[in-house]
Every structure is written in C-alpha cells, then in structure tokens.
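Take a look at the structure below.
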Number of protein chains: 2
Amino acid sequence: MRPVSIHTGAWRYPGAWPDANFNFAAYKHFARTLERGKFDALFLADHMAVLNMPTEALKRSHTVTSFEPLTLLSALSTVTERLGLIATASTTYNEPYHVARKFASLDHISGGRAGWNLVTTANPDAALNFGHDEHMAHGERYKRAREFFDVVTGLWDSWADDAFVRDAGSGVFFDPDRLHVLNHKGPELSVRGPLNIARPVQGWPVVVQAGSSEAGRQIAAETAEAVFSAPSTLADGQRFYADVKGRMDRLGRDRDSLKILPGCFVVVGETLAGAREKRALLDSLVHYDSAVASLSVALGVDASRFDPDGPLPEIPETESSKSGRERAIALARRENLTVRQLAQRLGGYAGLAMVGTPASIADAMEEWLATDACDGFNVMFPYLPGGLEEFVDHVVPELQRRGLFRREYEGATLRENLGLPRPANRFFPPRP
Amino acid sequence: MRPVSIHTGAWRYPGAWPDANFNFAAYKHFARTLERGKFDALFLADHMAVLNMPTEALKRSHTVTSFEPLTLLSALSTVTERLGLIATASTTYNEPYHVARKFASLDHISGGRAGWNLVTTANPDAALNFGHDEHMAHGERYKRAREFFDVVTGLWDSWADDAFVRDAGSGVFFDPDRLHVLNHKGPELSVRGPLNIARPVQGWPVVVQAGSSEAGRQIAAETAEAVFSAPSTLADGQRFYADVKGRMDRLGRDRDSLKILPGCFVVVGETLAGAREKRALLDSLVHYDSAVASLSVALGVDASRFDPDGPLPEIPETESSKSGRERAIALARRENLTVRQLAQRLGGYAGLAMVGTPASIADAMEEWLATDACDGFNVMFPYLPGGLEEFVDHVVPELQRRGLFRREYEGATLRENLGLPRPANRFFPPRP
C-alpha cells in the first residue's frame, strides 16, 4: 500500500490526493476502506534512503518521502479494529533489540495485528546513511538476516505469557522464573536480553519476507509465514510457489504455515475496454523523460533516439538482461504500443497486473489460487482513493459471492485471520 | 509520565491500574486527562534494557516492561489534539538517521506536537543488548551526543519547507534546488542524507535534555529547548537554573529559548494531613526488602540489621556519598520516621515532592517560578489514575485562578504552546 499508488504517474490522475504521503487523514480513509473490504492487512514498504534514481526522475516521484512505517502503523492501529498492520524493517541497518521492541509494541498496542516484513535492503545508498562506505554484500546480508531472525524471535520469547502475576497482596509483579535471558552470542550479533516488553499478543508478530533470490527463498522457507512474491506471469507464479513450498517440504515445515502472496496491480472497469482506458490514461501521466530511461534499461539500448509516437523498431541483442528485453518487445507487439506507450507502461508499473471487470479479475484470481500459483494476493491499487474503493465495492463482493474470500474476519489477530498458529515460546513450552 | 507512577509502590495503591503499562485504554485516559488539564506535553522516558537491579527488587517493579515510546506516542497522537508528545531516544544506542526519521514522522502525524528527549543512556546493561561488551565512557557518550544532535537537526533541514510543489500539470513533484544533501563526515558519525521525510511541521521537534553532569549542562545550554532537571530543594533548583542560564548568556543564546522543568512529585489532599496520609500509605506499599536496599545505599551501611520499627540509629561516616547520607538522616529526624518508613520513602520516590492542599502546592510552585528556580514543572503523579485526576481537577484551577497557568492552549504545536520559536532551516534561510 503506497498512499498515492506504486504507479509513478498516479499522483497526477484525476481525483488523486497528491499529498497523501503526508496526510494522515488520507491514510485513515485508506485503512478503514481496506477494513471495510475485509483485507487481512495493510502493508507498508520502507526505505532507508531517498530512492536511488537520477534527479530528473526523482523530482517527479511522489514516493520520494513518506512517514516512517512503525509510527504510522501505530497511529493507524487506533482507527481500525481488525486490519493487520505490516511494516518492513531492514536487518542490515537496524539492531535486533530495537526491531523486536518496536514490533512487540505495535503488536500490544494493536491487540495482535502486527507483522514484520524482514528485508535485507537492496538500495546501496542506505549504507551511506548509516556510517558505511559500502553496502554489505548480498551473502553477508542474508547471513546476518538469518541470525537476526533468531535473535528477534528469541527476544520476543523473553517472557512467558503468564510471567506477569501482578499480585498486589504479596507485592510480586512478575515471576522471575518465567523470564529468560537470551544471552545470544553469534558470528554476526551479540545480544544479551531480556527484551523490556512483554511477549507479543500473537506470540510473535507475523513474519513476512519478500526476497526472491536463492538466499531469499531459502530463508523464507525456513522462517517466513507470508511471502510477497513478484511473478510476472501465472507460470512464474507456479514455479515460485513450487520452489518455496518444496523447500518447506524438505525442511519438514507444514506448507500451510507460509502464505505466498504475489504483488498484483488491479485496475477495475465496468467493461474491459473501460479498464484499459483507465490504465492508458494512468500510463500517459508518466513523464516521457523518466519513462524512456526505464525503457532504455529494459531494452539495453538508448531508446531516447526512437520516435516516441512510432512503433518499436527492431532491437538488436545486447549484453543486458535478455528476459527484460524480450518481455518489453513482446508487450509492445501484443498490445500494439508506440514507443511512448511502452516506455510509460514500464515507467509506470511493469509487474503483474489484472486489468478488467470485477468478473474477469475474479476469474484471474481464481485461476491463480486454483493452480498452485499463490495463497492470496498483495493487491496494489492503480490510483487512490478511487482504485481502492472500486476494488472494495466491486471485486471483493464478486470474490465473496464465489466463496473465494471471507465475508467477516475470522478472528481478532492477524494470525487468526491468516490461519497461522500462535508460536509456542521456545523457552517456556506449554504446560501439560 | 509513567503509566503506574514513578513510585515503586503505586501499582498496589487502592484504585491503581497495575496493568497500565500494557493497557492502551489506560494511556488514552491519561493523555486525555492531561489535555483537559492543558498540560504542555506527555513525556515518556525510555530504557534500552530491563532496569539494572537485583531480581528480588526487579520482580516487584511495575516498570520492568513497557511499550516502546515512539509507537505509543504515535498511537496517542490520534486520540489527542493539542497535547505535546515527548519521548526519550538514546544517542548512544541509535543511529541518527533512524532518530531523525521517527521524530519527524511523529511530528507530521501529530500535526507538530513531537519532542525528542536526547539522552546518552546511563544503564550500562544497554551496551550488552547492542553488541558491545562495555558501556561507552561518559565523555565519549557526550561527544557522540553533541555530533548526533548536529546530524539529526541537519537531516531535519534536508528539505526546504516549500520543496514540494506537486505541480500535476508539469509533473514536477518537488523542486530539486530545495533539497540539501547533508554529507556529514565527523569524528563519530558519517551520514550522507538527505532524510527521506519532509521537514517536520515544527521545523524541528522540540529538543529536550535531562542530564545534570557538567557535560550534560553544557550540551543543554548549547542545544536544548527544555531541560528536565532533578533538584531536591529550592536552593538546588536556583543553583541549577543560574548555572544553565548563565552558560546560555555566555553562548549568546536567549534565556527564554530553553525552559527548565524540575521533576516534581505532587500529592494532593483536601488537607495537609490528608495528603501526608496518602503519601504514607503509598510508601507503606514499598516492599521492605527492596526499600532497605535503597536505604543501605543512601547511608553507606547495611541497614537490614536495624530494627525496622525503631528510630534510625546514629550512622558513622563512611566512604559513600556524604550528601546522600546526610539527606537521609535529616529526613528521618525532620519527619520522625522509623527505619522502615525512611527506607520506604527512599525506595518509593526520594526526589523533590510537593505534598499538600491545592493552595499549598500552588504556593510552592509559585515560589519556584518567582525565584528563578524553574520555568515550569515536569509533574509526576503519585498513583494513577487518581493522582492525575486530583491534580487536574484541583491544582490546575488554583494555578489558573492565580494567573500562573494557561486556561486555553496558545497554539496548535508544542513549540507554540511552550513559547519557543520555529527554527529556521540552516540550508534554506527565509527569503527576504
């Protein structure tokens, strides 16, 4: 959930709220609308630096600045009742004690609705904001992330659920035998503990991940309870799903204990043509200077010398990513796009999209769910507030009618709604 | 503001809410009551570790765990309208980029009501939770703190107030000429910037400090806008006030740009005797095992061998702090306390206290204000919710009647209410 949409032209769309990044009332409206639509959760990505792009593109970006996610979700917890609240926190540029505390605190304040999206931070500029000259290497980042997970969950288990007896008569506030000092000393991290906050309502906030590399898929299979994946096609989705669930089988983990949720950009129209027109209008709002840079990256050639209003010329093979080039060329041919339209599509939002009527979108979602491509979706709205409201008012009822989606929340916590078990405390197993 | 009071026996007081540390509804009631009483702000201290005390004392402490302050204040910002929201954040165990972002975010979410209490963290156990074997030395901590302040305020100034033009026609979201990259490289910290959040509503959240050492008073004179001081007596308060304001004179800073606010524990009764009885009852709820440890520390001798219900015997001089011993002995003689009562007083809350009727408390506050001992108070309530409600319902009206306290908030932001100017942006001075 980005407050102005992930699409870079969305802040210019008719009816958009361009200042939504700093408008708490706007977020409140979005969160309450998601809750009206029975969404599991609102997810906020995070960045440890201003986005790493040239100034000419950056100055057109509505996501250049934003609220800090934990403070924002905490504020939103007071204006919602059932909606889960998931934020990204980097394991590379944070200390596990802080991360454990903040998510535990959000979990307590929200009555068990917190989720932590564990990321290792891809933007190398972040290093420069945290006293490092160079970004930590990929392998190193994942090694730290895996240990970081152990420390954070160990800190969450510092206190038994029944530690706080609060016996006013004897004056004993907690039972010291129900407190565990972690004393973690590992290759990357050294953290004594205990955490200075009671065990979270959910035991642990729901652990989410979004990495798609080999290391990312392995750590997800080992530790995640939800994964935000980014497949471009149904076949991609099925491959990713089979890979991660297969890793879980080999680890002896129950497949249902991890939900795979592809990011999906949904444009709703009364007709298919109407939906496509909305998307075309949205894409047309991406400035050509920014758009052509995206196209050049995808093709591996300087696209600024092409006629913007002509068809895409033949593109020679280059050293750049073959799959990116082929996807771009196929898209231009399939939808008969001009160079400008192709550039604006790639510069706007280039990932998985479902563009159509409530029925056609529900058909597509049903196919993904029925063919082992996902367990749900990380829905992205093309423009706000309109795109969100259209989804909740038209797509959600269609999914409910088909029995594909809840009509009421199953429980009070994010875990209960996702159908995930509450983790046992590793230091204080349930009493027989 | 501690949710169960700073007094260690308060959770056992009749009518107390012992679970208030994890009860958001309780905090909401407290915050709204403070706002009804026109308080400038609610202040939350913070700890980077469980309090450093023996298990036998710790297990009786209601402050052993708590919400994380930033997430809590952010949630409270949505249920209040004018109340300032001040949290502690350590410069020793945090990164300036995170601190700058979080307080900027709280300032935006709350509409300009955030304050940052800059501390260097005194609890040596915190080091062990952040990968260090030893606590950073005092001088080193203050050196880092001073540079940390420069970096955080520099990051807050990353964006001119008018940077975000959001011109949907041209597609320009912000003016790159109104963005400053900090590029800080100092002896302790290296932070590139810019901050990925717009300049705070207040320019900078209000900067608060609480250190009383030589280094603490100097950094306060240089940088703070409010100081939580901890004098025991009026004369102490006057000495501290003269010292810090004198340092400001020498630095060329306007004396009014820093407010000195002594911590003051206020027990309100209908009569003086009634107030004293409340305090005696409260002190009696401190467990003797914990209390006698505090007394032993103060006296520099093992007080557990004294008769708890007898008078304090003669105490020989020792190597321990002379002032602490003399204060304890004088207190016992003055109020004719038994060993148990003295121990419970010291173990409950030993600092500056005003115990009396609304009129006598207003008299005392008036004297402090009129004799250059303070600019206001950091009021601490003996038990909650009763002690807070008694203060708001009886002491506040008495102060208002005397013209010593506001009847309505002066402004919308914490700065406006404290009478502090909005800082100019050092990189984008006001246009002529």
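Here are the numbers for the structure shown:
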{"read-out": "Angle between chain B longest axis and helix B:272-284 axis [Cα atoms, degrees, rounded to 10]", "value": "90 degrees"}
{"read-out": "Gain on full stretching of the segment that runs from residue B:307 to residue B:190 - 0.36 nm per residue minus C-alpha separation", "value": "36.3 nm"}
{"read-out": "Dipole moment magnitude, nearest 20 debye, the protein assembly as shown about Cα centre, only Lys, Arg, Asp, Glu C-beta charged", "value": "400 debye"}
{"read-out": "Distances in nm from residue A:137 to the matching label points in the other copies, shortest first (labels 7 Å along Cα to Cβ)", "value": "3.6"}
{"read-out": "Residue B:181 versus residue A:222: modelled label distance in nm, points set 7 Å from Cα along the beta carbon direction", "value": "3.6 nm"}
{"read-out": "Loop-resident sites, region A:76-166, for GluC sites (Glu not before Pro), counting at most 15 other Cβ within 10 Å (DSSP)", "value": "A:81, A:134"}
{"read-out": "For residue A:380, distant residues with modelled amide H under 5 Å away", "value": "A:264, A:265, A:266"}
{"read-out": "Volume in Å³ per residue [convex hull over Cα atoms, computed for region A:272-354]", "value": "87 Å³"}
{"read-out": "Relative contact order (%) - criterion: Cα under 8 Å, at least six apart; region: chain B", "value": "21 percent"}
{"read-out": "Whole-percent carbon and sulfur share, accessible surface of region A:1-156, 1.4 Å", "value": "50 percent"}
{"read-out": "Average beta carbon contacts from partner chains per residue of B:56-67, 10 Å cutoff", "value": "6"}
{"read-out": "Mean Cα-pair separation over length for region B:272-354, i.e. relative contact order, pairs under 8 Å, 6 or more apart, %", "value": "41 percent"}
{"read-out": "Heavy-atom accessible area per residue - region B:272-354, 1.4 Å, Å²", "value": "52 Å²"}
{"read-out": "Efficiency of FRET from Cβ geometry, residue B:28 and residue A:170, R₀ 25 Å, rounded to 0.05", "value": "0.25"}
{"read-out": "GluC sites (Glu not before Pro) within region A:244-315: DSSP coil, no more than 10 neighbouring Cβ in 10 Å", "value": "A:314"}
{"read-out": "Apportionment of accessible area to carbon and sulfur, region B:272-354, percent (1.4 Å)", "value": "52 percent"}
{"read-out": "Inter-copy separations for residue A:53, label at 7 Å along Cα-Cβ, nm, ascending", "value": "5.3"}
{"read-out": "Chain A, helix-only ellipticity at 222 nm - DSSP H runs n ≥ 4, -39,500 (n - 2.57), divided by all residues, nearest 500", "value": "-12000 deg cm²/dmol"}
{"read-out": "Near-label residues of region A:248-268 by backbone N, under 20 Å of a point 7 Å along Cα→Cβ of residue A:334", "value": "A:262-268"}
{"read-out": "Heavy-atom SASA rank of B:337, B:83 (probe 1.4 Å, accessible area, largest first)", "value": "B:337, B:83"}
{"read-out": "Nearest-ten-degree value, helix B:358-370 long axis tilted from longest Cα axis of chain B", "value": "60 degrees"}
{"read-out": "Size of charge dipole - chain A - debye, nearest 20, with Cβ of Lys, Arg +1 and Asp, Glu -1, no other charges", "value": "440 debye"}
{"read-out": "Rounded if a/c under 1.5, otherwise prolate or oblate - region A:346-402, Cα gyration tensor axes", "value": "oblate"}
{"read-out": "Extended-chain gain in nm, criterion 0.36 nm per residue less alpha-carbon gap, residue A:402 and residue A:369", "value": "10.6 nm"}
{"read-out": "Between A and B, accessible area buried - total, square angstrom, nearest 100, 1.4 angstrom probe", "value": "5900 Å²"}
{"read-out": "Residue-count net charge about residue A:335 - beta-carbon cut-off 12 Å; Lys, Arg +1, Asp, Glu -1", "value": "+4"}
{"read-out": "Relative counts (whole %) of C-alpha pair distances in chain B, using bins that are 20 Å wide", "value": "23, 57, 18, 2, 0"}
{"read-out": "Summed side-chain charge close to residue B:305 - residues other than residue B:305 whose Cβ falls under 15 Å, Lys, Arg +1, Asp, Glu -1", "value": "-4"}
{"read-out": "Contact order normalised by residue count of region B:1-70, Cα under 8 Å, 6+ apart, percent", "value": "37 percent"}
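The values are calculated or read from the model by the stated rules, or taken from the named source; none is laboratory data. Predicted, not measured: the structure shown is a model, and the values here were computed from it. Cβ: placed from backbone, ideal geometry, glycine included. Neighbour counts: every protein chain shown. The accessibility values were calculated without ligands, DNA or RNA, using every heavy atom of the protein model including side chains. Shrake-Rupley method; radii C 1.70, N 1.55, O 1.52, S 1.80 Å.
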